[in-house]
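Before any comments, here is the structure.
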Amino acid sequence: MLAKMITDLKSENTIKLSNNSYWVTLQSKSGSVEGKVHFPSNMSDKLIIFEPGFPGGGSTQFEQLWLDKVLKNGFTVFLIRHNGTIINGKFSNNYLNCPQRQKQALKTGQKFLGVKESVTISDWLVEPKIVIEALGSHFKEIYLVGHSFGPLALIYSLIDLSLENSDLVRKIVRVISLAGAIGRARGKTDQKLKIWHDHLDTDWARERVLIGPANKNTDIFAKAHNKIHDQVHKFPSHIEFIGVTPLGDSSGTIDDLVQSIETVEFVALLGKGYLILDKTEYSDSKSGRMAHDMENLKAETLVKYLDKNWHPEKQITVLSD
């Protein structure tokens with residue numbers, strides 16, 4: 001399967017990184033997206049698609065914290081890098097974690113990921129859909145995992161595929177939301193939209209990704225938040241949802257950016273699924289660590305969430321040390 005899959009993916013942006021890892025550009029009717037595909041030593045029929053948050057460092061975090069254990073449990077993993085990510089900027093080494101791709105871009109003069117002249121959050125929202133369309137036929141089971149912004153894009157893409165009656169939807173087993181930004185947007189003064197706008201409209205963001213005006217993207221965010229709520233009935237009944245949110249008992253142990261009520265609200269509206277309150281996360285102002293980043297999530301815990309035969313004992317459970 002590996003040989004056939006790589007043959008199918010072959011393009012000028014397919015870069016062999018090791019015997020089991022490649023940087024690839026995926027193309028589908030919905031667009032294109034780049035990222036790394038990592039294969040386990042023994043090939044299986046299970047695929048994880050990981051959608052990072054804003055501005056996209058979560059894919060590198062996945063590689064550093066969780067990838068090895070996940071691969072050893074027989075999953076193939078595709079880690080998305082957002083369209084618009086600057087390739088050879090001050091912070092690009094971390095966000096791409098791929099010097100081979102950076103070297104290639106220096107030769108061609110490419111400044112940011114993607115084939116479009118300009119990118120917006122609309123392009124990020126369909127990144128999981130593109131991966132599912134491009135890779136789904138090679139696997140029997142698909143697991144969708146995302147952090148922060150990531151779950152918004154996962155659910156948005158899943159609803160789009162359901163509306164299109166895509167046969168690939170039946171292969172999707174679980175959606176796992178880590179500190180997901182998946183609440184409803186209640187008017188232009190909604191606090192979550194202010195947070196999005198304030199993060200978008202900064203030099204900090206523009207040094208990492210190029211995705212256009214903050215006002216335009218904030219409007220796109222608002223529509224996306226409400227779409228996943230208004231169309232929640234299109235979330236397929238066979239797919240399980242697990243929402244994990246940092247919510248500890250002491251100062252610095254709650255999500256710094258996304259309110260936990262967003263996950264609560266979505267689970268309640270969905271009428272099924274599981275809510276896990278993670279008490280192991282914490283922030284640290286000196287190091288810049290945030291509870292929101294979920295760096296304390298153990299690899300074996302994530303693997304447990306990915307086991308389709310494992311279910312929390314209760315719909316609302318607590319993760320503690």
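Some points to look at:
- For the stretch 107-218: relative contact order, % (alpha-carbon pairs under 8 angstrom, 6 or more apart): 31 percent
- Charged-residue dipole, Cβ positions (Lys, Arg, Asp, Glu), the stretch 2-319 about Cα centre, Debye nearest 20: 640 debye
- Model label sites at Asn19 and Gln100, defined 7 Å from Cα along the beta-carbon direction, differ in position by 1.5 nm.
- Maximal additional length on extending the Asp45-Ile261 stretch stands at 74.3 nm, based on 0.36 nm per residue less the C-alpha distance.
- Residue among Thr60, Ser18, Ser30 farthest towards the positive dipole end of the stretch 6-76, charges placed on Cβ: Ser18
- The chain: most fluctuating residue of Pro246, Pro236, Pro213 per GNM, C-alpha cutoff 10 Å: Pro213
- Sorting Thr14, Thr263 from the fewest to the most surrounding beta carbons within 10 angstrom yields Thr14, Thr263.
- Neighbourhood net charge (14 Å Cβ-Cβ; Lys/Arg +1, Asp/Glu -1) for Lys279: -4
- Extension gain, Ile316 to Thr108: 0.36 nm times the residue separation minus the Cα-Cα distance gives 69.8 nm.
- For the peptides 312-318, 226-232, the ranking by packing is 226-232, 312-318, with the highest mean count of neighbouring Cβ atoms within 10 Å listed first.
- Inter-part distance where the stretch 64-134 and the stretch 198-219 are each reduced to a Cα centre, Å: 18 Å
- Largest mean-square fluctuation among Ile195, Ile48, Ile254, in a Gaussian network model of the chain whose springs join Cα atoms under 10 Å apart, belongs to Ile195.
- Beta bridge orientation in the chain: antiparallel %, DSSP, nearest 5: 40 percent
- Summary value for the stretch 2-319: 16 percent relative contact order, contacts being C-alpha pairs under 8 angstrom separated by 6+ residues.
- Straight-distance crosslink candidates among lysines, where the alpha carbon sits under 20 Å from Lys272 and sequence neighbours closer than 8 are dropped: Lys171, Lys227, Lys234, Lys304, Lys308, Lys314
- Ranking of Glu63, Glu133 by count of other Cβ atoms within 10 Å, fewest first: Glu63, Glu133
- Linear extension gain, Leu163 paired with Lys140, 0.36 nm per residue minus alpha-carbon span: 6.2 nm
- A Förster distance of 41 Å, applied to the separation of the beta-carbon atoms of Asn93 and Asp230, puts the FRET efficiency at 0.55.
The numbers here are math on the coordinates, done by the rules we state, and not lab data. Everything numeric in this text was worked out from a predicted model, so none of it was measured. Here the Cβ is made from the backbone with ideal geometry for all residues, glycine too, and neighbour counts use every protein chain on show.
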